[in-house]
Amino acid sequence: MNLDLKKLKLREVNQKLQNIGSKQNQRSFTVINPEGNHAICAGLKDEIDVTIKGHTGYFCAGMNQNAFVTITGNVGTGVAENMMSGKVHVKGNASQSAGATAHGGLLIIDGDASSRCGISMKGVDIVVKGSVGHMCAFMAQAGNILICGDAGEALGDSIYETEIYVKGKVKSLGADCIEKKLERKHEMVIENLLKNSGIKKFKPSDFKRYGSARKLYNFKIDNLSNY
């Protein structure tokens, strides 16, 4: 079923997709003419498949639960913000704060992601097939982020328990973020992320692991400049 944003208001489209229910047979939808609108497919909660044909604005697929949302263009700030479950797949590039505060599910970005990708993430898995900008995984609390390209400045600044895997170069590490040993259990995580993202050309050993040094968990006067 096509939902045309030139003929329907954004609120109408979102309300229809938010109220599918388990008894409705129609489970696949295509949103056409998005034209950079904000908050398209926000708040979806049912197991449905939605394809957005084109570029979107801020907070696309925010607060997603269970739905599989594919965007065939680029996305603005905060794609999949506060996502709980399901999958969001961006076929283009993502602006800043992709996957911000997301608790679960899988966010895939085929292109590059701008600054603060995965900021304060709380359990989501994020795969970026390109590179990320500065302060990726800033204050990230849980989950995994896999970067197939390079990472900008201050990677993992003030990180908690999120695991970061980077194939390319890292410009600099943020406060309390260090390189860590890549163990077999981490390789298994990478294998699953690569498989679930349709990436076949890389293997787990291609990546380096980064995470928290745990020196900022408790206040110490010697570390004052890092807080």
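The values are calculated or read from the model by the stated rules, or taken from the named source; none is laboratory data. Since this is a predicted model, take the numbers as computed values, not measurements. A quick note on method: Cβ atoms are made from the backbone with ideal geometry, for glycine too, and the neighbour counts reach across all protein chains shown.
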Which numbered condition Gly78 misses (of (1) within 12 Å of the chain's Cα centre (by Cα); (2) surrounded by fewer than 23 Cβ atoms within 10 Å (Cβ to Cβ); (3) under 18 Å from Asp112 (Cα atoms)): (2)
Residue count, region 37-54 (criterion: in a loop (DSSP other than H, G, I, E, B) and either without any contact (Cβ under 8 Å) to a residue 40 or more places away in the chain or among the aromatic types (Phe, Trp, Tyr) (or both)): 12
Top-ranked residue of region 1-36 - restricted to ones that are without any contact (Cβ under 8 Å) to a residue 12 or more places away in the chain and among the charged types (D, E, K, R), ranked as farthest from Ile109 (Cα to Cα): Lys23
Candidate set from region 9-24 (those that are in a loop (DSSP other than H, G, I, E, B) and loosely packed, with under 15 Cβ neighbours inside 10 Å); member that is modelled with the highest pLDDT: Lys9
Search result, residues across region 163-190 that are within 21 Å of the chain's Cα centre (by Cα) and assigned to a strand (DSSP E or B): Glu163, Ile164, Tyr165, Val166, Val170, Leu173, Cys177
Region 90-135 - residue that is in a loop (DSSP other than H, G, I, E, B) and in contact with an Asp or Glu (Cβ under 6 Å, 6 or more places away or on another chain) and, of those, surrounded by the most Cβ atoms within 10 Å (Cβ to Cβ): Ala100
Count of region 136-147 residues which are surrounded by fewer than 23 Cβ atoms within 10 Å (Cβ to Cβ), in contact with a strand residue (DSSP E or B) (Cβ under 8 Å, 6 or more places away or on another chain) and part of a loop (DSSP other than H, G, I, E, B): 1
Any hit, region 25-36, residues being surrounded by 19 or more Cβ atoms within 10 Å (Cβ to Cβ), part of a loop (DSSP other than H, G, I, E, B) and either modelled with pLDDT under 95 or touching a Cys at 6+ places or on another chain (Cβ under 7 Å) (or both): no
